[in-house]
1. Taking chain B as the reference, fit the longest principal axis to its C-alpha atoms, fit the long axis of helix B:120-129 to the helix C-alpha atoms, and give the angle between the two in degrees, 0 to 90, nearest 10.
2. If you restrict to DSSP beta bridges whose two residues both lie in the stretch A:1-320, what percentage is antiparallel, to the nearest 5?
3. Which of the lysines could a cross-linker span from residue A:197 if the Cα-Cα distance has to be under 20 Å and same-chain partners fewer than 8 positions apart are dropped?
4. Sorting A:220, A:104 on the 10 Å Cβ count, fewest up front, what's the list?
5. Run the numbers on the stretch B:3-69 and let me know its relative contact order in percent, using alpha-carbon pairs under 8 Å that are six or more apart.
6. Let me check I've understood the local charge: for residue A:109, count other residues with C-beta under 13 angstrom from its C-beta, Lys and Arg +1, Asp and Glu -1. What total comes out?
7. Take B:100, A:162 and order them by how many other Cβ atoms sit within 10 Å, fewest up front.
8. Within 10 Å of each Cβ in A:406-415, how many Cβ atoms from other chains are there, averaged over the peptide?
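What follows is calculated from the coordinates using simple rules that are stated; it is not laboratory data. These numbers were taken from a predicted model, which means no experiment stands behind them. For neighbour counting, all protein chains shown are included, and Cβ atoms are generated from backbone atoms with ideal geometry for every residue, glycine included.
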Amino acid sequence: METMSRKQTEELQLEHLKQVVSHCYNNVPFYHQRLDEAGVTPEKIKTLSDVQYIPFTTKEDIRDNYPYGLFAVPMKKIVRIHASSGTTGKPTVVGYTRKDLDTWSELIARLVTAAGCTEEDVAQICFGYGLFTGALGLHYGLEKIGAAVVPISSGNTKKQLMVMKDFGTTTIISTPSYALYMGEQARELGYKKEDFKLRIGLFGSEGSSVEMRSQIEELWGLLATDNYGLSEVMGPGVSGDCHLREGMHIAEDHFLTELIDPKTGTVLPVGETGELVITTLTKEGIPLLRYRTKDITRFNTEPCGCGRTSMRMDKIKGRTDDMLKIRGVNVFPTQIESVLMNIEKIGPHYELIVRRDGYMDTLEVKVEVIDGSLLERYRELERLQADIRENLKSVLGIICKVTLAEPKSITRYEGKAKRIVDLRNQ
Amino acid sequence: MFIKQISIFVENQPGRLAEITGILGQNGVDIRAVSIADTTDFGILRIVVDNPKKAYEVLKEADFTVTLTDVIAIGFEDRPGGLAEALNVLESQKISVEYMYAFISREGKTAYVILRVSSNEDAIRILQEKNVRVVAPEEIYNM
């Protein structure tokens, strides 16, 4: 599957696409109506590019049909239910059939194998178990390849570190920001790198920059890999880094991916940056047609050095939601992170505060001063502030206010980090 | 001959100075002299205490960004012109003063000035040559 030719992949995708459109049309009243309205009945799908005539599905559509309205099979066929965190209203609920769970495990098995995991590994899953798809998704895939899974769940960093050392954990599964936080805590509690056997990090559930990845690698002495997924289309396993980490390989036999211009909805050619849209090709429980992920990325169809032929996607550059528009300039938090990670003497945590001052938007970037040598001379601190401001200006094109804060004054997160405080609409 | 001065990064927020001095007090650290340089957002608090090592440790423990810096203390019998003479001596040797702050002994007879200069060794040598009293660290710590 992972080394199929382009032609074979596309033939398989077309076959599955026809099936999934029929499945939706015949079994989900919402899709029946949508497809009828758009005049795209299943028999109209003749080629892969015909997918672009199908209307988009959004998170709101899933919410409007809360909880089970988009399920395409009777409840007796559903064997697992997950839901998104629902921080902004009702959660989005997804159901899996037995076959869906098998597919999921298979895709995670592929993903962790590509990152370098084997049956020899001891895998500590620091994602919260529960409705969230991250923990259980990785769990079954890692078990499938024969790794020893430690389902420790999230939180209690001291215990995490103790287990990591005593159990000889070799693979860690967490958000990148939690891996960074744990590394910091380990140092503080007097652990040394040699106390741990970590060799691979499987990071997901939030985006991170290459710089942050290097910082995690330096702290832990491991190979940090990213993987991508979202609960609506399955959970983790949609795409992931191989050991070469030059883009995440997309599981194209199960997902048809497109990139669109988030404003116009027009499909963009390979090489351009846009919003990722996913059609699930094999899902039974809750198949989705052209689901708008709001994640911004870019595709790469060049062959990868690892031998896998699948199309790859860049690290998520940001979310259409997270994209800050500051004085008319598009700013992605990951761009800011890249700048900050390259500056010494400050900690890896940061906070972005956006305000409206009269008619002007202002962006404040808050960082922690951790290096005592800056205190020898007052101008060292001023120089640091000016350096950060200049570097941000050259990358973003706007001037930010840089605030130097005391260590530990910026909130730490055990799950997804919330780094943006937008005060403009208050 | 150097005094160990503690520098602490502080955000300009209500209560921060009280918190720092409170931590020192609870740990039995006695403050000899204080100086603060600040802008609207942040400042550097510099202090001389009786037990610099302890002060450094307890503040580090409380997650402050802290550093120990070697500074010089000079002492004068309190009379007009004393400080000017000492500064002229340094100036004549092209030794620059980055910052300084002063305090008075308990009995009020001696004025002490803490100096952070571009070259500590040269400063001490020239000050002693010109009969300016360079105060031994113990004198400050054990005041």
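1. On a 0 to 90 degree scale, this one is about 40.
2. Numbers: 30 of 45 bridges.
Expressed as a percentage, antiparallel bridges in the stretch A:1-320 total about 65.
3. The reachable lysines, counting only those whose Cα sits under 20 Å from residue A:197, are A:158, A:159, A:165.
4. Details: A:220 21, A:104 25.
Lowest count first: A:220, A:104.
5. Values: 109 pairs, mean separation 31.5, N = 67.
Relative contact order comes out at 47 percent.
6. Details: positive: A:110, A:144; negative: A:2, A:102, A:106, A:119, A:121, A:143.
Charge balance near residue A:109 sits at -4.
7. Values: B:100 17, A:162 13.
In order of increasing Cβ crowding within 10 Å: A:162, B:100.
8. Details: counts 10, 7, 3, 3, 0, 0, 0, 0, 0, 0.
Going residue by residue through A:406-415 and averaging, the value is 2.
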